[in-house]
Amino acid sequence: QVQLVESGGGLVQAGGSLRLSCAASGMPFSINTIDWFRQAPGKSREFVAGITSYGITNYADAVKGRFTISRDNAKNTVYLQMNSLKPEDTSVYYCHTYYSRSNYWGQGTQVTVST
């Protein structure tokens, strides 16, 4: 059974940094694309960043130049380094993958950026 477990969220001041982690199990991690999404209260879930099995990355315009996604296949983990955080980055951040014709989501980790 595929499991995704996020960690690393918290409260940070504007301009600060956080690193989120997504630990995966139950699937051949190295061949799967892993994405980060986020959802703020009252808003739809939105794409943040993704990384393919080849290490090709993709970012939402809102986070380009501030966030960096990376993966460590030996640890079955994907990271999201978030720098220059803004209050509008406040959301629950979710890890996602698509495997064997199903979508899988983690439980989410809260990121709160104060002014």
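The values are calculated or read from the model by the stated rules, or taken from the named source; none is laboratory data. Values in this document were obtained by computation on a predicted structure and should not be read as measured data. Ideal geometry is used to build each Cβ from the backbone, glycine not excepted, and the neighbour counts take in all protein chains shown. We work out accessible area using only protein heavy atoms, side chains counted, and drop any ligands, DNA or RNA first. Shrake-Rupley method; radii C 1.70, N 1.55, O 1.52, S 1.80 Å.
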- Output the number of residues of the range 3-32 satisfying the condition of being modelled with pLDDT under 95 and surrounded by 14 or more Cβ atoms within 10 Å (Cβ to Cβ). 3
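Mind checking which residues of the range 51-70 are surrounded by 15 or more Cβ atoms within 10 Å (Cβ to Cβ) and either among the aromatic types (F, W, Y) or more than 14 Å from C95 (Cβ to Cβ) (or both)? Steps first, answer last, please.
First, pick out the residues of the range 51-70 that are surrounded by 15 or more Cβ atoms within 10 Å (Cβ to Cβ): 51, 59-60, 63, 66-69.
If the condition is that a residue be surrounded by 15 or more Cβ atoms within 10 Å (Cβ to Cβ) and either among the aromatic types (F, W, Y) or more than 14 Å from C95 (Cβ to Cβ) (or both), then Y59, A60, V63, R66, F67, T68 are the ones that fit.
Residue by residue, here is whether (1) open to solvent by less than 70 Å² (accessible area, probe 1.4 Å); (2) without any contact (Cβ under 8 Å) to a residue 40 or more places away in the chain; (3) small (G, A, S) holds:
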position	(1), (2), (3)
D72	yes, yes, no
N76	yes, no, no
L80	yes, no, no
K86	no, no, no
C95	yes, no, no
Y98	no, no, no
Q107	no, no, no
V111	yes, no, no
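For the structure I just gave you, tell me whether V48 is open to solvent by less than 60 Å² (accessible area, probe 1.4 Å), among the β-branched types (V, I, T), without any contact (Cβ under 8 Å) to a residue 60 or more places away in the chain and out of contact with any Cys (no Cβ under 6 Å at 6 or more places or on another chain).
Details: open to solvent by less than 60 Å² (accessible area, probe 1.4 Å): yes; among the β-branched types (V, I, T): yes; without any contact (Cβ under 8 Å) to a residue 60 or more places away in the chain: yes; out of contact with any Cys (no Cβ under 6 Å at 6 or more places or on another chain): yes.
Taking the combined requirement at face value, the residue satisfies it.
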